[in-house]
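The values are calculated or read from the model by the stated rules, or taken from the named source; none is laboratory data. The structure displayed is predicted, hence computed values, not measured ones. Here the Cβ positions follow ideal geometry from the backbone for every residue, glycine too, while neighbour counts run over all protein chains shown. Surface accessibility is based on the protein's heavy atoms, side chains included, excluding ligands, DNA and RNA. Shrake-Rupley method; radii C 1.70, N 1.55, O 1.52, S 1.80 Å.
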Amino acid sequence: MSEDIDAAVRSPEAYDLARTALEDMERRGIWPTPLNYELWLHFVAHPSSLLAQEIERILSQGSTITDDVGEELAAAFLPKAKLNEQIRDAGVQLNRELASVALAIKQAQASNEQYGETLATVGRDLESDVAPLTLKELVATLSAATRQVQQETRSLEIRLDESASEVTRLREHLEQVRRDATTDALTKLANRKAFDDELVRTCTEASESGEPLALAFIDIDHFKRFNDNWGHQTGDQVLRYVASVIARMTPAPRFAARFGGEEFAMLFPCERAADVISTLEEIRIEVSSRTLKRRSTNEDLGAITVSAGVAEYVPGEDMHALVERADEALYASKHAGRNRTTNAREIASAA
Ligand code: GH3
Ligand code: MG
Ligand code: MG
């Protein structure tokens, strides 16, 4: 989607596209904020894209694109487009670099061949009777050709050195782009997409190996109230803190992610749900026993509590069933008064 946009905004039709977007926004009463304008460029350029369908759906319900809705749309549809663009750019640069090295090598091969031919000619000439003057000329030809080839070899070496550093730089850049695509920017934990992939991978592995697999959810209690009391920024500080405790308790092969909002998900390969409870309790107790301070004013924020739920994979079952059971266990913790951990099995046996 963004590839076409990028090409479109750098073409003579760009002004038409911009005008159409702005006119459409004005007609629909959408404020021309930079974010809305970016959304609308996509909207008018690709009326059948998922983003456009979503905008159409919202508008057809009689709702409008508020700042919040615009941000949600951008978060859901735009970073992916940007990311694809970054990956494509890095790929193009890498290809360009490789093509240029291939050319340098080809040139060096050609001049080596030419050198070989010069040597052969000189050899043939030497076999016949040569006058001293001609001999001098042959030696001069030979050393000129040798110098030339040495020079070219040296520049090829330099070119290859440069290219090796450029390829390393591009590889690191691609790696960074890949990391960004799977990391939650606020907490630095894995993001939802990375979790979804890991869930598929670990469920498949557990199905094949017959080893257990536990899935846990942790959700911050009354976080809306906390945000209302202390502000979103302090809320973010708490999210980072809880994420750091979770990350510390889930070294590989365990896997922790920000599932969404103030909810975290953890996968425990080769571990039983019952054995994971102690880790979840450690996290819960550590979070609740720490008195948090507001960074800007040093005010006492009181204690934060979290609720947890854990379930175990049943080999062969649909992984959504596992997610549902872990979620039910979390809900049971909330229902029972929060600040506790529930094993899905307890609900099953109570029912
Ligand atoms: P419960 O104990 O039932 O989980 O109550 P809750 O208030 O934690 O749950 P609710 O789902 O009602 O509210 C979640 C809140 O989390 C609302 C939203 O403002 C906040 N939140 C979600 N993502 C973020 C974020 O990235 N930063 C901040 N500061 N708050 C967030
Ligand atoms: Mg909550
Ligand atoms: Mg929640």
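Data table
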quantity	calculated
Phe217 in contact (Cβ under 8 Å) with a residue 40 or more places away in the chain, in a strand (DSSP E or B) and either within 15 Å of ligand 3 (Cβ to nearest atom) or more than 22 Å from Ala329 (Cβ to Cβ) (or both)	yes
Matching option when the condition is surrounded by 13 or more Cβ atoms within 10 Å (Cβ to Cβ), at pLDDT 90 or above and not in a helix (DSSP H, G or I), among Trp31, Trp40	Trp31
Single residue of region 312-336 satisfying the filter (more than 16 Å from ligand 3 (Cβ to nearest atom) and open to solvent by 80 Å² or more (accessible area, probe 1.4 Å)) that is farthest from the chain's Cα centre (by Cα)	Pro315
Among residues of region 239-287, those that are within 19 Å of Leu186 (Cα to Cα) and among the small types (Gly, Ala, Ser), counted	8
Unmet criterion (only one of (1) surrounded by fewer than 19 Cβ atoms within 10 Å (Cβ to Cβ); (2) within 16 Å of ligand 3 (Cβ to nearest atom)) for Gly231	(2)
Region 239-274: number of residues that are of a type in the set (D, E, K, R), more than 18 Å from Thr202 (Cβ to Cβ) and within 16 Å of ligand 3 (Cβ to nearest atom)	2
Residue under evaluation Thr297, criteria (1) free of Cβ contacts under 8 Å to residues at least 24 places away in the same chain; (2) within 13 Å of ligand 1 (Cβ to nearest atom), criterion not met	(2)
Failed criterion for Ala99 (all others in (1) surrounded by 16 or more Cβ atoms within 10 Å (Cβ to Cβ); (2) out of contact with any Asp or Glu (no Cβ under 7 Å at 6 or more places or on another chain) hold)	(1)
Test: residue in region 340-347 that is within 13 Å of ligand 1 (Cβ to nearest atom) and either crowded, with 16+ Cβ neighbours inside 10 Å or not in a loop (DSSP other than H, G, I, E, B) (or both)	yes
Output for region 156-190, where each listed residue is farther than 30 Å from Met249 by Cβ and basic (Lys, Arg)	Arg159, Arg169, Arg171
Test for Arg290: is it within 16 Å of ligand 1 (Cβ to nearest atom), within 20 Å of Ser244 (Cα to Cα), surrounded by fewer than 23 Cβ atoms within 10 Å (Cβ to Cβ) and over 28 Å from the mean Cα position of the chain (by Cα)	no
First in region 29-44 and outside the structural domain of Ser11 (by TED's automatic domain parsing), second anywhere and surrounded by 15 or more Cβ atoms within 10 Å (Cβ to Cβ) and in a helix (DSSP H, G or I), Cβ under 6 Å, 6 or more apart	none
Failed criterion for Thr297 (all others in (1) under 16 Å from Asp219 (Cα atoms); (2) exposed (fewer than 13 other Cβ atoms within 10 Å of the Cβ); (3) of a type outside the set (Gly, Ala, Ser) hold)	(1)
Number of the condition not met by Asn229 [criteria: (1) within 14 Å of ligand 1 (Cβ to nearest atom); (2) among the polar types (S, T, N, Q); (3) in contact (Cβ under 8 Å) with a residue 24 or more places away in the chain]	(3)
Tally of residues being in contact with a helix residue (DSSP H, G or I) (Cβ under 7 Å, 6 or more places away or on another chain) and open to solvent by 20 Å² or more (accessible area, probe 1.4 Å) across region 300-311	2
Asp161, sole failed condition from (1) over 30 Å from Arg284 (Cβ atoms); (2) among the acidic types (Asp, Glu); (3) assigned to a loop (DSSP other than H, G, I, E, B)	(3)
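Residue by residue, here is whether (1) surrounded by 15 or more Cβ atoms within 10 Å (Cβ to Cβ); (2) within 20 Å of the chain's Cα centre (by Cα); (3) not polar (S, T, N, Q) holds:
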position: Val200; (1), (2), (3): no, yes, yes
position: Asp221; (1), (2), (3): yes, no, yes
position: Arg225; (1), (2), (3): no, no, yes
position: Phe255; (1), (2), (3): yes, yes, yes
position: Arg258; (1), (2), (3): yes, yes, yes
